[in-house]
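*Asks:* This is the structure I want to talk about, given as structure tokens.
The values are calculated or read from the model by the stated rules, or taken from the named source; none is laboratory data. None of these values were measured; they are calculated from a predicted model. Cβ sites come from the backbone with ideal geometry, for glycine too, and all protein chains shown count toward neighbours. SASA here: full protein model, heavy atoms, side chains in, ligands and nucleic acids out. Shrake-Rupley method; radii C 1.70, N 1.55, O 1.52, S 1.80 Å.
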Amino acid sequence: MGQIAVVSGASSGIGAAAARQLSAAGFRVFVGARRMDRLKDLADEIGGQAHFLDVTDPASVSAFVATLPEQVNVLVNNAGGALGLEPLIAMDEEDWQMMYQTNVLGVVRLSKALFGRLEGSGAGHVVNIGSIAGLETYVGGGGYTAAKHALRAVTETMRLEWLGKPIRVTEIDPGLVETEFSLVRFDGDAERAAAVYAGLKPLTADDIAEAVVWAVTRPAHVNIDQIVLKPIAQARATVVHRQT
Ligand code: NAP
């Protein structure tokens, strides 16, 4: 049947690119997200399968996992993102809760639900899409950086608790990648989103997808712990060089 890969949040950006490149690398790909129209188009394009998935909802995670094969080799925990850029004292409770739900609890939910299938494959691999927001902090980024720092703790805990199991654990931590990320963060404000990438060449979703495929196609005894990728024009989350 070939190797099975599952990608969460594959209706756009990094998840869609990872699904395409995993398919091109020979994986049978199962994709999940909430926007089913886009997801179905992607599945048709790559000969994969699409099912609704909301990682913030335990019942949705269970229903999604029930559609998957008995054995799964690769789980890419990609669903996530940032909401808002307000300072701590203007914290929006709902945004913070949603960022924790998607970037942290969603990853644990899906990984927990797939653990048996990953182990049962004899060669499982969990790839968590973190961020440089998990490695540093910046003004206005409190909710997102706290969530991605927490994800880093989850990734390390997986590696500790699954030691001795045939499951590799990788975290990929990108800097600026041009996707719908900023559009979502700024609630559909296209001008504000475009300004994030103005005057520099950001990474593309395909740059990150290449790292995913590289990590999962290393020999089975090789665990790539972490890959940090930034555009050459970015030194830290908010320290960038823009050409005027
Ligand atoms: P994106 O284009 O906005 O994609 C986010 C994906 O996550 C979408 O497919 C979205 O699908 C899905 N998603 C969001 N909430 C979900 C939920 N509750 N359940 C299921 N799927 C959900 O942004 P992206 O840049 O590709 O982001 C992918 C990952 O990379 C995120 O974890 C993000 O934090 C991380 N990252 C991005 C950057 C960057 O600069 N772009 C940098 C570092 C890390 P639906 O809305 O259809 O559900």
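*Asks:* Antiparallel versus total DSSP beta bridges in region 103-244: what percent is that, nearest 5? Don't skip to the end; give the middle numbers.
*Replies:* Details: 2 of 13 bridges.
Of those bridges, close to 15 percent are antiparallel.
*Asks:* Hey, another quick one. To test your reading of the geometry: what angle, between 0 and 90 degrees and rounded to tens, separates the Cα axis of helix 13-24 from the longest principal axis of the chain?
*Replies:* The helix 13-24 is inclined about 30 degrees to the chain.
*Asks:* Okay, moving on. Work out how much length residue 157 to residue 36 would gain on full extension: take 0.36 nm times their residue separation and subtract the Cα-Cα distance, in nm to one decimal.
*Replies:* Details: separation 121, 0.36 × 121 = 43.56 nm, distance 3.22 nm.
My answer for the length gained is 40.3 nm.
*Asks:* Also: Of 55, 184, 31, which is the most mobile in a GNM of the chain whose springs link Cα atoms less than 10 angstrom apart?
*Replies:* Maximum among the listed residues: 184.
*Asks:* Still on this structure, please answer the following. How much accessible surface area, in Å² rounded to 10, belongs to the heavy atoms of residue 214 with a 1.4 Å probe?
*Replies:* Its heavy atoms expose roughly 110 Å² to the probe.
*Asks:* Hey, another quick one. Accessible area, 1.4 Å probe, largest first: how do 191, 136, 180, 93 sort?
*Replies:* Details: 191 155, 136 25, 180 50, 93 110 Å².
Putting 191, 136, 180, 93 in descending order of accessible area: 191, 93, 180, 136.
*Asks:* Ok, one more. At 222 nm, what helix-only mean residue ellipticity would the chain give, in deg cm²/dmol to the nearest 500, using -39500 (n - 2.57) for each DSSP H run of four or more? Could you put the intermediate results ahead of the total?
*Replies:* Details: 9 runs with 100 residues, N = 244.
-12500 deg cm²/dmol, from helical runs alone.
*Asks:* Next question, about the same structure. Which percent of the accessible heavy-atom area of the chain goes to carbon and sulfur, probe 1.4 angstrom? Before the final figure, lay out each step's value.
*Replies:* Details: 6220 of 11550 Å².
Whole-percent figure for carbon plus sulfur exposure: 54.
*Asks:* Using only alpha carbon pairs under 8 Å that are at least six residues apart, calculate the relative contact order of the chain and give it in whole percent.
*Replies:* Values: 480 pairs, mean separation 48.0, N = 244.
About 20 percent, as a whole number.
*Asks:* Can you tell me the orientation of helix 36-46 relative to the chain, as the angle in degrees between its alpha-carbon axis and the longest Cα principal axis, to the nearest 10?
*Replies:* For helix 36-46, the angle is close to 60 degrees.
*Asks:* Also: If you only keep lysine pairs separated by 8 or more in sequence, or across chains, how many in region 4-240 come under 24 Å at the Cα atoms?
*Replies:* Working: 112/148; 112/165; 148/201; 148/230; 201/230.
Qualifying lysine pairs in region 4-240: 5.
*Asks:* Would you tell me the accessible area of residue 163, worked out with a 1.4 angstrom probe on the heavy atoms of the protein chains, in Å² to the nearest 10?
*Replies:* 150 Å²
*Asks:* Which value results when the Cα radius of gyration for region 4-240 is divided by 2.2 N^0.38 Å? Walk me through the intermediate numbers first.
*Replies:* Values: Rg = 16.8 Å, N = 237, 2.2 N^0.38 = 17.6 Å.
Rg over 2.2 N^0.38 Å, computed on Cα atoms: 0.95.
*Asks:* Separation between the residue 191 and residue 232 pseudo-spin-labels, each 7 Å from Cα along Cα→Cβ, expressed in nm?
*Replies:* The answer from the label model is 3.2 nm.
*Asks:* Any chance you could give the angle, 0 to 90 degrees and rounded to 10, that helix 142-161 forms with the longest Cα principal axis of the chain?
*Replies:* Relative to the chain, helix 142-161 is tipped by roughly 30 degrees.
*Asks:* Between 208, 141, 104, whose Cα lies farthest towards the positive end of the dipole of the chain when Lys and Arg beta carbons carry +1 and Asp and Glu beta carbons carry -1, centred on the Cα centre?
*Replies:* The listed residue farthest towards the positive side: 208.
*Asks:* If you rank 125, 51 by how much accessible surface each has, with a 1.4 Å probe, what is the order from largest down? Present the calculation step by step, with values, prior to reporting the outcome.
*Replies:* On the way: 125 5, 51 55 Å².
So, going from the largest accessible area down, we get 51, 125.
*Asks:* Return the ratio Rg/(2.2 N^0.38 Å) for region 115-221, where Rg is computed over Cα atoms only.
*Replies:* On the way: Rg = 16.4 Å, N = 107, 2.2 N^0.38 = 13.0 Å.
Working it through for region 115-221, the quotient is 1.26.
*Asks:* Ok, one more. When the solvent-accessible surface of protein heavy atoms is calculated with a 1.4 angstrom probe, in what order do 173, 54 fall, highest first? Spell out each step's value before the answer.
*Replies:* Numbers: 173 0, 54 35 Å².
Sorted descending by solvent-accessible area, the residues read 54, 173.
*Asks:* Taking only Cα atoms and a 10 Å spring cutoff, compute GNM fluctuations for the chain and point out the largest among 65, 139, 196.
*Replies:* The residue that fluctuates most here is 139.
*Asks:* So what does residue 148 come to for accessible area, using a 1.4 Å probe and Å² rounded to 10?
*Replies:* 10 Å²
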